[in-house]
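As structure tokens, the structure follows; a few thoughts come after it.
Readers should treat all values here as calculations from the given coordinates under stated rules, not as data from a laboratory. Quantities reported herein were computed from a predicted structural model and do not represent experimental measurements. Here the Cβ positions follow ideal geometry from the backbone for every residue, glycine too, while neighbour counts run over all protein chains shown.
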Amino acid sequence: MVVTGGGRGIGAAIARQAARAGYAVCVNYVRNGDAAATLLREILKEGGEAIAVQADVGVQHEATHLFEQTDALLGRVDVLVNNAGVLGNCRVADMDEAALDSLFRANVYSMFFCAREAVRRMSTRLGGPGGVIVNLSSVASRLGGLPGGSHYAASKGAIDTFTLALAKEVGAEGIRVNALRPGLIHTDIHEIHGGATAVDTLGRTTPMGRAGSADEVAEAALWLASAQASYVHGAILDVAGGR
């Protein structure tokens with residue numbers, strides 16, 4: 001299993017649970033090598049199999065490098081969790097090309113580049129054995145996001161549509177494609193919007209009355225990757241406490 005943006009937050013929770021479930025895991029990270037190394041030590045200490053690979057998957061050749069390293073060190077990729085992404089806090093009136101390009105490269109280009117590498121390895125049409133792709137979207141795609149987050153919400157809308165299109169494209173080639181839409185989840189990605197305090201405050205407005213945890217999202221991701229979800233394809237699953 002390849003988990004992009006796997007060094008912390010939701011990605012780390014998915015990598016940790018995947019290793020416990022018996023997957024050999026590639027933890028991808030961009031800058032926070034210390035967090036990735038800590039997670040790697042934790043997985044190995046528990047008897048799991050994992051590697052950590054630095055790559056900016058929003059850059060085509062680095063995404064290719066990530067998969068080549070995984071091929072060499074872990075073997076065939078059977079599951080891709082497209083988790084890498086960033087938040088943004090910028091009003092449309094203040095938006096410029098650089099802000100849009102940076103966010104869409106991290107959130108959308110990365111999905112395409114990594115899915116391309118996964119499909120090339122998984123597709124039965126191309127000689128592969130099949131596999132699973134799980135894309136991480138957000139309820140921002142249907143709610144519009146937080147103030148200053150229009151570009152983030154738009155990028156997640158693109159992920160929803162990409163998931164549906166890719167599912168139609170490769171479903172007959174042995175590849176299941178689905179997406180998760182987390183809601184308010186306790187991770188440090190929310191620091192630019194007020195951090196844990198803001199997440200707790202907004203979480204109390206959900207029907208369940210609380211924010212979620214990264215582990216709760218990870219459990220849904222592992223279910224989508226498993227044989228228990230063998231006929232789930234082209235689905236977008238909200239993990240948002242009813243929000």
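Peptides 229-236, 145-152, 59-66 ranked from most to least packed, by the mean per-residue count of other Cβ atoms within 10 Å: 145-152, 59-66, 229-236. Considering only H186, G241, Q60, and ranking their Cα positions along the charge dipole of the chain that arises from unit charges at the beta-carbon of Lys, Arg, Asp and Glu, the one farthest toward the positive end is G241. Peptide packing for 211-223, 173-185, 31-43 was compared via the average number of neighbouring C-beta atoms within 10 Å per residue; ordered from the highest value, the list is 173-185, 211-223, 31-43.
Selection among A221, H151, A50 by position relative to the dipole of the chain gives A221 as farthest towards the positive end (Cβ unit charges, Cα centre).
Based on other C-beta atoms within 10 Å, arrange K168, K45, K156 from fewest to most. Could the numbers behind the result be given before it?
Values: K168 12, K45 8, K156 25.
Going from sparsest to densest Cβ surroundings: K45, K168, K156.
Under 5 Å from the amide H of V25 lie the amide H atoms of E49, A50, I51, each residue being 5 or more positions distant or on a separate chain, with H modelled from the backbone and absent for Pro and chain starts. Mean separation of Cα pairs under 8 Å and 6 or more residues apart, divided by the residue count, gives the chain a relative contact order of 19 percent. Of the labelled figures (1) 1.21; (2) 1.10; (3) 0.95, only one reflects Rg/Rh (Cα atoms, Kirkwood Rh) as derived from the coordinates, namely (3).
When only the Cβ of Lys, Arg, Asp and Glu is charged (+1, +1, -1, -1), the dipole of the chain relative to its Cα centre reaches about 480 debye.
At 0.36 nm per residue, and after removing the present C-alpha to C-alpha distance, how many nm does the segment from K168 to L126 gain when stretched out fully? Walk me through the intermediate numbers first.
Details: separation 42, 0.36 × 42 = 15.12 nm, distance 1.65 nm.
Computed gain between K168 and L126 is 13.5 nm.
Backbone amide hydrogens, once placed in the peptide plane, bring V177 within less than 5 Å of I133, G234, excluding anything fewer than 5 places away on its chain.
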